[in-house]
Ligand SMILES: [Fe+2]
Ligand SMILES: [Fe+2]
């Protein structure tokens, strides 16, 4: 099958870290939207969150984490960062599967998405504060990994039949929702970065010793 790569051909290739951070911001904004959304919108938002996280986790597991493990092979603590991230993905994916099997009528639907959001915040903080800085120092071609991630991401999104979701700054409007949440989503995205991160408190305490 001919790969219908980049609808984003005009974009300069992003390095792996920029690409993954953009995914993180996108999904954080969606979690924020979810918290404020009407019940009628929650199901769609949860579905999107689950799909984007599934793709994100998969490209990290297929491409980034193996490259990181190899690069970190001399340093046990750095290698542990990758092992822990993999374990966290496994737990997140279990929760994602549960949410995907729920309807908004389910008593624990909203709570499950909220907990997933907190969990992901913690995970993202570890990636961005520990793993990514270590990757930057390692001998890796992050641009090359970035283009592999992007290519795989687009292929997976196509498989799942979902649109690419941009980070707030590079937002292109989704053709999928008929505008019903687009107004409010901007404000929520704008404050996405300023929410308290109580869920991630434990993240830094275990760093290195
Ligand atoms: Fe991850
Ligand atoms: Fe990530």
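The values are calculated or read from the model by the stated rules, or taken from the named source; none is laboratory data. Since the model is a prediction, treat every value here as computed from it, not as a measurement. Please note: Cβ atoms are built from the backbone with ideal geometry, for glycine as well, and neighbour counts cover all protein chains shown.
Results, tabulated for the structure shown:
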item	result
Which numbered condition residue 68 fails, given (1) more than 14 Å from the chain's Cα centre (by Cα); (2) closer than 19 Å to residue 17 by Cβ; (3) surrounded by fewer than 19 Cβ atoms within 10 Å (Cβ to Cβ)	(3)
Qualifying residue in the range 75-82 (condition: in contact with a helix residue (DSSP H, G or I) (Cβ under 7 Å, 6 or more places away or on another chain) and within 14 Å of ligand 2 (Cβ to nearest atom))	yes
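Each row is one residue, and each column tells you yes or no for (1) out of contact with any helix residue (DSSP H, G or I) (no Cβ under 6 Å at 6 or more places or on another chain); (2) modelled with pLDDT of 95 or more.
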| site | (1), (2) |
| --- | --- |
| 93 | yes, yes |
| 104 | no, no |
| 122 | no, yes |
| 127 | yes, yes |
| 132 | no, yes |
| 145 | no, yes |
| 163 | yes, no |
